[in-house]
Amino acid sequence: MSSGFDEYAALARHLHDLHRTGQAGTAQHTTRTQRLTGYADQLGHRLYAQWQRLAAIAQAAGEQVPAAPPPIAATPAADSAPGQPWPPPPPPPGRAGLPPPPRRPELATGEQRIPLPAGAAGASGAMLPYDGGSAGAGIPVSAAPVSGDPAAAGGFPPDPEQELEAARRQLDEADAAAYEAEQAAARPPLLPGWSPLSRAVAVYLAFAGAVAVLQFTFFLNPLTLGVDYGTKWIWSCTGFPTMGFFAAYFVISKWGTSRLETDGGPRFPKLGFILSFVGAAVSMVLLLVFLQVGPF
């Protein structure tokens, strides 16, 4: 009588320990799921922010805007299957020192066929000694090819932590590539290594030089000998410098500014106006010296 009661008490303690272990495993699984879900949400926010950056670059460059990324899976259900992204917690093992559950011998009898890859046994049709507990019985090995991916072969699902870590590394690489793309898009086609002020001064001075050449040509060309000097001076002092200023302003606006700047970037129109007309005045002084005439 006491022997049966002791067995019953031991079984009750064993079930109680299994219940406590199961509760602890469930709590650990819940904590891990919440942590991984928060990590997945963080990666989802980074992915959406990265898409916004790429969409802005594509829109500024006149390219097609890429499609928005799909949302990352939400918090899984508590009874999710092993094939889903978040596997359920494994069954709790028995505590050390407790007697194992009673074994039913009738479940372990009979021949069991185990599919293995052909390379594991040496050749197709090899035999492994296994009969459910006693050695000596041969088992034909399956010659069907087995995939190297356990998840693809129907085995264990992929580890969420490893998948999220791989996604994080890919996002880091994509962030670096997006930063390089932004730097490349921020450089204007015209004199990309120069500062905006230096670029604008160079463009305005270049067109001022073109205006000076046009002034000399207008005064010295034999085809314009019939034009009176008043018309020549008006065009040389006002018309040509104005045309040079607007041409330089157009070139800076078209090729001297970044495409990412919504306001078009700095063009320095006041400085350009001064450089254009001062350059025209200097070229006219040089022209007078060349013609050996006094000031007009």
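The calculated FRET efficiency for the pair Q292 and L223, based on their C-beta separation and a Förster distance of 22 Å, comes to about 0.50.
Spatial offset of the range 25-73 relative to the range 212-282 amounts to 52 Å, using the alpha carbon center of each. For the range 165-292, the residue among L225, P192, A280 whose Cα projects farthest onto the positive side of the dipole built from Cβ charges is L225. Measuring with a 1.4 angstrom probe and ignoring ligands and nucleic acids, F250 comes out at about 120 Å² accessible. Remark on E261: its backbone amide H falls under 5 Å from none of the residues 5 or more positions apart or on other chains, H modelled at 1.01 Å from N. Rolled with a 1.4 Å probe across the full set of protein chains, the surface gives S276 an accessible area near 10 Å².
Summing Cβ point charges (Lys, Arg +1; Asp, Glu -1) relative to the Cα centre of the range 1-54 gives a dipole of roughly 520 debye.
The values are calculated or read from the model by the stated rules, or taken from the named source; none is laboratory data. Predicted, not measured: the structure shown is a model, and the values here were computed from it. Counting neighbours? That spans all protein chains shown, and the Cβs are built from the backbone with ideal geometry, glycine included. The accessibility values were calculated without ligands, DNA or RNA, using every heavy atom of the protein model including side chains. Shrake-Rupley method; radii C 1.70, N 1.55, O 1.52, S 1.80 Å.
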